[in-house]
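Working notes, structure below.
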Amino acid sequence: MTALSIEHKSINLGQGFPDEEGPEEMKRRVGAAVLEHGNQYPPMFGIPEARQAVARYSEASSGIPANWQTETLITVGATEALASAFMGLLNRGDEVILFDPQYDAYIPLCIANGGVPKVVKLDPSDWSVPHDQLAEAFTEKTKFILVNSPHNPTGKVFSREDLQFIADLCMKWGTYAVLDEVYEHLVFSGSKHISLRSLPGMHERCIRIGSAGKTFSLTAWKVGWVTGPPKLISAVAAAHQFITFTVPSAMQYAVAYGLDKEKPFYRGLGESLHKKRLFLEEQLQQVGFRVLPAQGTYFLVADFRPLIPDDSKEDDVEFCRRLTIEAGVTAIPVSAFYASKNPPRSLIRFCFCKEDEKLQRACAALHQYF
Ligand code: PMP
Ligand code: GLN
């Protein structure tokens, strides 16, 4: 969709990256680190400064202690953390429970590493977890469940009740959980992000994945981190060793600084984004979309059925192409985030971490078009 957006010079509310970049001082620290520190291979698990900062951050942000020497790993973005987790944790034939819709990297990583995906669909009317189907998906072959909360593409923040239900199943079946928590700070007022790892009995079963790209609005940096019990971190690190081995050290120094010193930036992200979400939500509703509930991330999902004739067969891909080419606004078809058959075909994802002026222009274009 980004390629189509560039071709038609549309306003791109598709791909998830923020217009407003993160802290200036972190950028300066990258430059300084290149000049002040060595520029040869840093340690495989990450530089001590970054690992210590990740451990402090885990405790301070989520109340989950982590021993920096045995329970932290620095990766090339959350993407490599995911790749290393799938590669390090799976044996051929292991089953992995995934929710649909889902971030597009999970299924290929699962299959490429010999895993068998067991996909459970969130209810597309309100993104609730279908408890019966989830319980049925667990078997003695389940190696882990992947929980992405706050959730891309829906913006769902898993409730304590959902998480407790998942935790009970993990404990019943002796299963691990991989937690993609890259949007942990992007939660709107009134909601709270809870990590599955903080629930009783789950500390030794979960690995948590974080991303500097999301935490500091610096998506080009590709620095991520993993925290978890030593035996799981060792397994993930065994894969990391042969995927990227290590992570550019200058970026690690800057991220270590940011985790400690730029708390106001990432702790304020949810609040600043909430205003943008409210604006876009209201405008889309005025245009005629039905906006689905969300409590976090920088995405919202809208149903375009009220905008097309009842007998129209136009699907989400066609609608997004038309929106880009004719209305000059780009969104992402939500069916792209489905692995299972028969995805909903009238939902599209908008990304709202964009300059206010750009959001205003996009909404004006939509008002004019519909
Ligand atoms: N997980 C989810 C849910 C994401 O949306 C993203 C963002 N692209 C990633 C992982 C990857 O993060 P990173 O850019 O740090 O590799
Ligand atoms: N996570 C971002 C998104 O969902 C961007 C990642 C990508 O473009 N692959 O839009």
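Would you please name the GluC sites (Glu not before Pro) within region 127-212 that are DSSP coil residues with at most 15 other C-beta atoms within 10 Å of their C-beta?
Listed in order of number, the matching sites are GLU140, GLU204.
If the limit is 25 Å between Cα atoms, which of LYS143/LYS192; LYS141/LYS192; LYS27/LYS261; LYS121/LYS156; LYS143/LYS214 go over it?
Exceeds cut-off: LYS143/LYS192; LYS141/LYS192; LYS143/LYS214.
Could you put LEU35, LEU4 in order, starting from the residue whose Cβ has the fewest other Cβ atoms within 10 Å?
LEU35, LEU4
From the helices alone, meaning DSSP H stretches of at least four residues, give me the mean residue ellipticity at 222 nm for the chain, per-run term -39500 (n - 2.57), in deg cm²/dmol to the nearest 500.
Helix contribution divided over all residues of the chain: -12500 deg cm²/dmol.
For region 176-185, take each phi angle, set θ = phi - 60°, evaluate the Karplus expression 6.51 cos²θ - 1.76 cosθ + 1.60, and give the result in whole Hz per residue in order, putting x for glycine and proline.
8, 9, 9, 10, 8, 10, 4, 9, 4, 8
How large is the dipole of the chain about the Cα centre if only Lys and Arg carry +1 and Asp and Glu carry -1, each at its Cβ, rounded to the nearest 20 debye?
The calculated dipole for the chain is roughly 480 debye.
Relative to the longest principal axis of the C-alpha atoms of the chain, give the angle of the C-alpha long axis of helix 160-173, reported between 0 and 90° and rounded to the nearest 10°.
It works out to around 50 degrees.
What relative contact order, as a whole-number percentage, does the chain give when Cα pairs under 8 Å and 6 or more residues apart are counted?
Reported as a whole number, the value is 26 percent.
Excluding residues fewer than 8 places away in the same chain, name every one of the lysines whose C-alpha is closer than 19 Å to that of LYS9.
LYS354, LYS358
With r defined as the distance between the Cβ atoms of ALA60 and THR2 and R0 fixed at 41 Å, what FRET efficiency is calculated, to the nearest 0.05?
So the FRET efficiency works out to roughly 0.70.
Can you find, among ALA365, PHE144, VAL301, the residue farthest towards the positive end of the dipole of the chain? Put +1 on the C-beta of Lys and Arg, -1 on that of Asp and Glu.
With unit charges placed on the Cβ atoms, the residue in question is PHE144.
Quick query: amide H of SER128 versus all other amide H atoms, modeled in the peptide plane; which residues come in under 5 Å with a sequence gap of 5 or more or a different chain?
Excluding prolines and chain starts, which carry no amide H, the hits are ASP123.
For ILE11, enumerate residues with amide H under 5 Å from its amide H, sequence gap 5+ or separate chain, H modeled in the peptide plane.
Here the answer is VAL329, THR330, since their amide H atoms fall under 5 Å of that of ILE11.
For an R0 of 35 angstrom, estimate the FRET efficiency from the Cβ-Cβ distance between ASP310 and ASP168 and round to the nearest 0.05.
According to the calculation, E is roughly 0.25.
If you scale each eigenvalue of the Cα gyration tensor by 5 and take the root, what three semi-axes come out for region 24-262, rounded to whole angstrom and sorted largest first?
The equivalent ellipsoid of region 24-262 has semi-axes of 30, 19, 15 Å.
Compute the convex hull volume of the Cα atoms of region 271-370, divide it by the residue count, and report the result per residue in Å³ as a whole number.
Dividing the Cα hull volume of region 271-370 by its residue count gives 97 Å³.
Would you mind ranking LEU259, LEU90 so that the residue whose beta carbon has the fewest other beta carbons within 10 Å leads the list?
So the residues, fewest neighbours to most, are LEU90, LEU259.
Every read-out reported here was derived from the displayed coordinates using simple, explicitly stated rules and does not represent laboratory data. Predicted model only: the values in this text are computed from it and were never measured. Please note: Cβ atoms are built from the backbone with ideal geometry, for glycine as well, and neighbour counts cover all protein chains shown.
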